[in-house]
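A short worksheet on the structure shown next.
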Amino acid sequence: MSSAAAARPVIIDTDPGIDDALAVFLALASPELEVIGLTSVYGNVSIEATTHNALCLLELAGRGDIPVARGAAGPMASAYRGAIPHIHGDDGQGNANLAAPAAVPQAAAAHDWMYARAAAAPGQVTLMALGPLTNLALALQRYPDFPAVVREIVLMGGNALCPGNASPAAEANIFNDPEAADLVFAQDWPVTMIGLDITRKVVLRPADVDAIVSRDTAPARHLSTALGFYQSFFASTNRLDGLFAHDPTAVAYLLDESLFNLSRWPVCVETEGISRGKTWPYVGAGGDEAPQPWRQRPPVAVATEVDAAAVVRLIVERTC
Ligand code: RIB
Ligand code: CA
């Protein structure tokens, strides 16, 4: 980034979550971005745990000054399916059991807080969504001009042309709240979807993890515990020697878009039946050519290819 370029203000909506932690540390370590706040959401673990973890991660990075606003405890129109402790630990951070943070959340709820920050600087604030999209959907329902005041949405979520991970059909963040996701994809605002099509190609190998956690910093010491737990999960189930860098890959997109190829497709989300949570792009000319319900949907920038090695290098070089 040239020294002249101003840092991009970003709000990270997150359900920390071990890969969320790596993503937050990456964003904080990148001069291209100004993290103006975290908004917590249920997902990998409960809203209580994700909010606690968001506050703790900022303090580990020496950025306890960055505000955290507490978000939704569950989906818009269904029951929270529950935590996934086998993947992220009972506490969402690999059972690191981070000490109580000094800071407390903002008084405002996440969806109110993110709208207020975006409306105060129309067209300048980017929303980086790393969990279920419930907070964004609640903001859309309460503030009709929300799409007009946000610069863009970059989200880790969905699976355009590949199987899911939370079910054969659906990726976890979308699976947690399909109705919210469908509302987000239906809006006329710039959305970039960094889905499993991409993030399953960005694998941190043990040597990459060692390079990150070997640094003498509090975030690195924390990640040594958290990433170790995350690696064990992937070793036991995906037979993967390493870990998928789901959320950090979405941050990497903001750092260097040239590492990604995008296709612009309207996207709808299945909300019924066994494929509930599947993101369905219409892979063709949009507009009047598309069948319903894709016909009136604005295009989403769906990431379809990535220079995975370059993203891994970026994550390793920047983090901690
Ligand atoms: O499918 C991966 C996504 O679900 C990541 O954001 C991970 O943290 C979980 O939230
Ligand atoms: Ca996440």
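Any read-out appearing in this document is the output of simple, stated calculations on the displayed coordinates, not a laboratory observation. What you are looking at is a predicted structure, and each value in this text was computed from that prediction instead of being measured. Quick reminder, even Gly has a Cβ in these numbers, built from the backbone with ideal geometry, and neighbours come from all protein chains shown.
Counting other Cβ atoms within 10 Å as a rough exposure proxy, the listed residues Thr304, Thr50, Thr319 run Thr304, Thr319, Thr50 from fewest neighbours to most.
The Cβ shell under 14 Å around Val35 holds other residues with a net charge of -3, Lys and Arg each +1, Asp and Glu each -1. Of Ala220, Ala172, Ala107, the residue with the greatest mean-square motion in the GNM of the chain, using alpha carbon springs below 10 Å, is Ala107. For the chain, a crude dipole built from +1 on the beta carbon of Lys and Arg and -1 on the beta carbon of Asp and Glu, taken about the Cα centre, is about 80 debye to the nearest 20.
Computed from label points 7 Å out along Cα-Cβ, the spacing between Gln296 and Ser78 is 2.4 nm.
Between Ala186 and Ala121, take the C-beta separation as r, use R0 = 30 Å, and let me know the FRET efficiency to the nearest 0.05.
On the way: r = 25 Å, r/R0 = 0.82.
E(calc), rounded to 0.05, equals 0.75.
Report summary: the helix-based calculation at 222 nm, which adds -39500 (n - 2.57) for every DSSP H run with n ≥ 4 and divides by the residues of the chain, gives -10500 deg cm²/dmol. With only the Cα atoms considered, region 182-292 has a convex hull volume of 156 Å³ per residue. Two tests apply to each whole DSSP H helix in the chain, Cα reach of 18 Å or more along its axis and mean Kyte-Doolittle hydropathy of at least 0.0, and the ones passing both are 47-60, 218-237. In a Gaussian network model over the chain where Cα atoms closer than 10 Å are linked, find which of Ala303, Ala61, Ala245 has the largest mean-square fluctuation. Maximum among the listed residues: Ala61. Here the calculated FRET efficiency for Ala5 and Arg239, from their Cβ-Cβ distance with R0 = 30 Å, stands at 0.10, rounded to the nearest 0.05.
Between Ala166 and Ala218, the contour length at 0.36 nm per residue exceeds the alpha carbon distance by 15.6 nm. Rounded to the nearest 0.05, the FRET efficiency derived from the C-beta distance between Thr271 and Glu152 at R0 = 35 Å is 0.90.
For the pair Ser258 and Glu48, the difference between a 0.36 nm per residue extended length and the Cα-Cα distance amounts to 71.9 nm. Note on Leu28, Leu22: ascending count of other Cβ atoms within 10 Å places them as Leu28, Leu22, the fewest first. Among DSSP bridges having both ends in region 115-257, what percentage is antiparallel? Round to the nearest 5. So the antiparallel bridges in region 115-257 amount to around 20 percent.
Here the chain is treated as an ellipsoid with the same Cα gyration tensor; its semi-axes, largest first and in whole Å, are 27, 22, 20.
Based on C-alpha pairs under 8 angstrom that are at least 6 apart in sequence, region 20-106 has a relative contact order of 33 percent. Kirkwood radius, region 7-54, all distinct C-alpha pairs, inverse of mean reciprocal distance: 10.8 Å.
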